[in-house]
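Here is the structure we will look at.
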Amino acid sequence: MYGKGLRALTFATLIALSATFALVVFWAPNDADQGFIQKIFYVHVPVAIVTLVAYVVAGVFAIKHLRSDDRRWDLRSYVVIHIALIFNVVGLATGAIWAKASWGHWWVWDEPTLVSFLIVFLLYATYQPLRFSIEDPEKQARYASVFAIIAGAFVPLNFMAVRMATSLVHPRTFATAEGGLPGEMMFVFLVSLVANALLFWLIVKYEITQKNVTWQLRALRRRLLGDDAVAPIGRSAAPTIAPERAP
Amino acid sequence: MNPLALLAAAPAVPYDKAGRYVAAAFIVLFACVLIYVAIMATKLQRLERDLTDLNAELDRREASRVEAPDPVGPAVGAATTQETAS
């Protein structure tokens, strides 16, 4: 059952998000340099971190798929990349808002952190068209897994390269040599990171459960009414797991 | 002092430019979650519709089975059972 523990996870996410919002607005101190604007940090940075970690996790799921030939791992990898792309858009949007508020520009092209995050987004934006271009489900799953592994390996390499590059304006958040975050800010940041990670995992679980229920229902319709009663799927970017293999 | 008046006098999110930008950043996140919930609601409605169709089909089959019982009558069935037993 994919939906197991969904209710508990929903409540935990709700509590964590509410706590984050309350802490950011009422408790976290204002930054000495940027003032209230710096509070965008508590939504922008955790979303960006969750996005990048999710891409790596999708790569791990893809490895499991290739090793076991179990299509459920392909489904997990697909859903994680799908939701990570949405988080990526949120990260880009909140970053642009912060840039406008702080630097006066929506985007700065010669800043490695921003451009690299955009490159990662554009890289993963090709994942869905790649899947859609391959009609055979087996081949589609295999090629998509290879893509997820290579792209997943690129993400940490890209992150390290950017950290080593000379930054122009974008701050290095956890650079201890420059002081790092004060305790209260770090606490709120960690709560926000947990809340965003829970939100991500919750959405992934909802998505996988929904897909599983759809497939079970489709199989039931076929058993009750025959093959003619089930419309053909046609070409799809989403993986199609055989119902009998769904737990 | 009235808490609402206090909040209006010293809001948690300032009314100035900084407050608007911070609010916008949070609204982006919540809007995405809301859109996702709306999409999920549509998918759930579709699943519910499919399930209702299947239930209706099952009801129809059960009703037709009650109206037109099995052509093999109980006497023949009993004989068959006896033959099997012997």
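Some observations on this one:
- So A:Lys4, is it part of a helix (DSSP H, G or I), under 30 Å from A:Arg142 (Cα atoms) and free of Cβ contacts under 8 Å to residues at least 24 places away in the same chain: no
- Residue ID - farthest from the other protein chains (Cβ to nearest Cβ), chosen from residues in segment A:95-115 that are closer than 28 Å to B:Leu34 by Cβ and touching a residue at least 12 places away in the same chain (Cβ under 8 Å): A:Leu114
- Boolean, A:Ile40 is buried (at least 16 other Cβ atoms within 10 Å of the Cβ) and either modelled with pLDDT of 85 or more or within 11 Å of chain B (Cβ to nearest Cβ) (or both): yes
- Qualifying residue in segment A:181-195 (condition: modelled with pLDDT under 85, away from chain B (no Cβ under 14 Å) and under 30 Å from B:Asp59 (Cα atoms)): no
- Enumeration of residues in segment A:46-71 that are of a type in the set (Phe, Trp, Tyr) and within 13 Å of A:Leu85 (Cα to Cα): A:Tyr55
- Within segment A:127-140, being assigned to a loop (DSSP other than H, G, I, E, B) and surrounded by 12 or more Cβ atoms within 10 Å (Cβ to Cβ) holds for one residue alone: A:Ile134.
- Residue match in segment A:65-75 (condition: hydroxyl-bearing (Ser, Thr, Tyr), free of Cβ contacts under 8 Å to residues at least 60 places away in the same chain and on the phi < 0 side of the Ramachandran plot): yes
- Exactly one residue among A:Ser145, A:Ser102, A:Ser116 is polar (S, T, N, Q) and under 13 Å from A:Thr51 (Cβ atoms), and that residue is A:Ser116.
- Hey, A:Ala58 crowded, with 19+ Cβ neighbours inside 10 Å and more than 10 Å from chain B (Cβ to nearest Cβ) or not: yes
- Yes/no for A:Phe21 being within 21 Å of the chain's Cα centre (by Cα), among the aromatic types (Phe, Trp, Tyr) and within 9 Å of chain B (Cβ to nearest Cβ): yes
- Residue that is farthest from the chain's Cα centre (by Cα), among those in segment A:83-94 that are of a type in the set (Gly, Ala, Ser) and more than 9 Å from chain B (Cβ to nearest Cβ): A:Gly91
- Qualifying residues in segment A:32-47 (those that are over 13 Å from B:Val22 (Cα atoms) and in contact (Cβ under 8 Å) with a residue 12 or more places away in the chain) - the one farthest from the chain's Cα centre (by Cα): A:Val45
The values are calculated or read from the model by the stated rules, or taken from the named source; none is laboratory data. In this text the structure is predicted, and so the values were computed from the model without any measurement. We place every Cβ from the backbone using ideal geometry, glycine too, and count neighbours over all the protein chains shown.
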